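Working notes for the structure below.
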Amino acid sequence: MENTAPTATGPTPPPNPHRQRTTADYVGLTVLALAVLFAGFLVGALGPLLAIACDTCQDGVRDPLPLLDVLLAVDQVGVPLVTVGTVAGLFLPRGGARAGAIGLGLLALLFVATLALGRAGG
């Protein structure tokens with residue numbers, strides 16, 4: 001039978017649920033931040049170009065774009081906000097890879113929304 005009596009040092013504190021980040025953690029977060037920046041660039045630069053592209057149009061650009069203002073707002077406001085917010089969230093104490101995954105998912109959704117807005121006109 002083992003001794004379950006309290007010791008003179010008192011109860012042991014619970015382990016710290018937030019461990020300190022190592023150098024390898026920061027390297028991984030930096031690589032993820034670069035991936036988010038690259039994805040943000042692709043969504044912001046190629047998304048609108050692919051959205052207004054037209055194979056059958058004479059000049060290759062879809063002419064009547066009724067949702068052009070919304071498309072530009074998503075591209076000029078939404079994509080940079082998500083990209084910068086994700087990169088900032090990566091290096092917050094409670095952020096990390098989860099913030100990066102959420103940000104990449106949001107960038108993918110913004111890319112799909114950009115394409116859908118461009119195709120909605122015709």
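The values are calculated or read from the model by the stated rules, or taken from the named source; none is laboratory data. Everything quoted here is computed from the prediction, not taken from an experiment. Here the Cβ is made from the backbone with ideal geometry for all residues, glycine too, and neighbour counts use every protein chain on show. Protein only, heavy atoms only, side chains kept; ligands, DNA and RNA dropped before computing areas. Shrake-Rupley method; radii C 1.70, N 1.55, O 1.52, S 1.80 Å.
Assorted remarks:
- Considering the stretch 104-122, the residues that are over 16 Å from the mean Cα position of the chain (by Cα) and part of a helix (DSSP H, G or I) include one that is surrounded by the most Cβ atoms within 10 Å (Cβ to Cβ), namely Leu117.
- Count of residues meeting criterion [assigned to a helix (DSSP H, G or I) and either in contact with a Pro (Cβ under 8 Å, 6 or more places away or on another chain) or crowded, with 17+ Cβ neighbours inside 10 Å (or both)] in the stretch 87-103: 6
- Pair list, Cβ < 7 Å and 6+ apart or interchain, from the stretch 98-122 residues that are aromatic (Phe, Trp, Tyr) to residues that are open to solvent by less than 30 Å² (accessible area, probe 1.4 Å): Phe111/Val43; Phe111/Gly47
- Flag if Val84 is in contact with a Leu (Cβ under 6 Å, 6 or more places away or on another chain) and in a helix (DSSP H, G or I): no
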